[in-house]
Amino acid sequence: MAGLSGKRVLLVIGGGIAAYKTLDLIRRLRERGAGVRAVLTRAAEQLVTPLSVASLTGAKVHQDLFSLTDEAEMGHIELSRAADLVVIAPATADLLAKVAHGLANDLASTILLATDKKALAAPAMNLRMWLHPATQRNIARLREDGMLFVGPDEGEMACGEFGPGRMSEPLAIVAAIETALANETALPLPAGIGARSTGILAGKTVVVTSGPTHEPIDPVRYIANRSSGKQGHAIARAAAEAGARVTLVSGPVSVPDPAGVSVVRVETARDMQRAVEAALPADIFVAAAAVADWRVEAEARGKIKKGADRPPTLPLVENPDILAAVSKMRAGRPRLVVGFAAETEQVVDHAKAKLARKGCDLIVANDVSPASGVMGGARNTVHLVGASGVESWPELDKDEVARRLVARMAGLLQGHVRS
């Protein structure tokens, strides 16, 4: 179940009789911890109701490309980018043909053309439609384009015929989704395409970590912290707006992905370390994530049960120190390495010690004691600690902290200011 916890699935429901199975599919995904948003085609509305789908997803069902409310915020773009994976079930012959030929005349086909994530299709149609050379040509083209498939199965059709064309059962689709999400699902643009040519960080690459990490104790429990990811995500967004090519390595958060940023989602500190290593080299590395310092020495295979004896002992081991590892790289070290120090007392003194200990160029220190409201809040008060001293900023919203920090980092790269 951990494979789908926190994952986001965009489910495009096509107009096949098998659409009724998607209600069970949604339930199976939700019980495994996945978030599901759904898009209904006009034909699908004749088979399952928007109300039933919304009740199971717990979210608004999207149907109309030209909804004024959604499109005021470019809804089809946001929908296509916010998910970890797009799933088409049932994937009808018509819908697959539209995608194969790049047509976009309704919400579903527009989303499938605009998405920056892989799509997994669960075909469902009459066996002759499935076997028709036109459909097979479309399937071959879609596979070449990177679309993933599950099924179809053989069996009796609603029309009474028997053969290939039945949509796979919900649990088989869930298994295919888990397999797909175990691998990279982002579809990056070709090098140099989509990058801003202006801005104070134009042409620079930036890697930012954000959010908490979750360190499993057993299949249902984990060690974590209260980080919301708001500050790290704001920094990634501000760097992208300043023209940088940004990779955001994010722990489990509920804040939306920043626009124009490549996002890699991770769970544990070791996952985050591997993702950071894969994202380097870069000009700037910003370690804004609140990485758990420890993890249990051995994760329990089954749920630890409460018994009559005293609570179990959980030996802890240290997690990798990502900031120190990047700061002390012998080759390929980013030109600028920025760390964060979240403290509850002696904020500046602890930050100075951390700067020396980690070997980074700048520490952004803040008070995260409960009274500060910083953890999960919208505002922050930070102190920039560098080789040249300490600079304290007034209380600002986290977006403004991010913009100011990006301006400072750009100045440091250009040699206009000292750390």
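Key figures
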{"item": "Antiparallel DSSP beta bridges within the chain, as percent of all bridges there, nearest 5", "result": "35 percent"}
{"item": "Packing-based ranking, highest mean first, of 14-22, 284-292 given that Cβ atoms within 10 Å are counted", "result": "284-292, 14-22"}
{"item": "Extreme residue, positive dipole direction of the chain, given options 115, 87, 220 (C-beta unit charges)", "result": "220"}
{"item": "Share antiparallel - DSSP beta bridges, region 205-414, percent rounded to 5", "result": "40 percent"}
{"item": "Dipole magnitude (debye, nearest 20) for region 205-414, charges at Cβ of Lys, Arg, Asp, Glu", "result": "380 debye"}
{"item": "For region 8-181, average projected area of the Cα convex hull in nm²", "result": "9.0 nm²"}
{"item": "Rounded to 5, percent antiparallel among DSSP beta bridges of region 8-181", "result": "20 percent"}
{"item": "Furthest towards positive pole of dipole, 342, 298, 287, structure part region 205-414, Cβ charges", "result": "298"}
{"item": "By average C-beta atoms within 10 angstrom, highest first, the peptides 199-212, 30-43, 322-335", "result": "199-212, 30-43, 322-335"}
{"item": "Relative contact order, percent, region 8-181 [alpha-carbon distance under 8 Å, six or more residues apart]", "result": "24 percent"}
{"item": "Where Rh is the Kirkwood radius over Cα pairs, Rg/Rh for the chain", "result": "1.02"}
{"item": "Sorted peptide list for 384-396, 108-120, criterion being average Cβ within 10 angstrom, highest first", "result": "108-120, 384-396"}
{"item": "Estimated dipole of region 8-181 in Debye, rounded to 20 [Cβ of Lys and Arg +1, of Asp and Glu -1, Cα centre]", "result": "200 debye"}
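Bear in mind these aren't lab numbers, they're just calculated from the coordinates by the rules spelled out. Model, not experiment: these values are computed from the prediction. All Cβ positions, glycine included, derive from the backbone under ideal geometry; neighbour counts span all protein chains shown.
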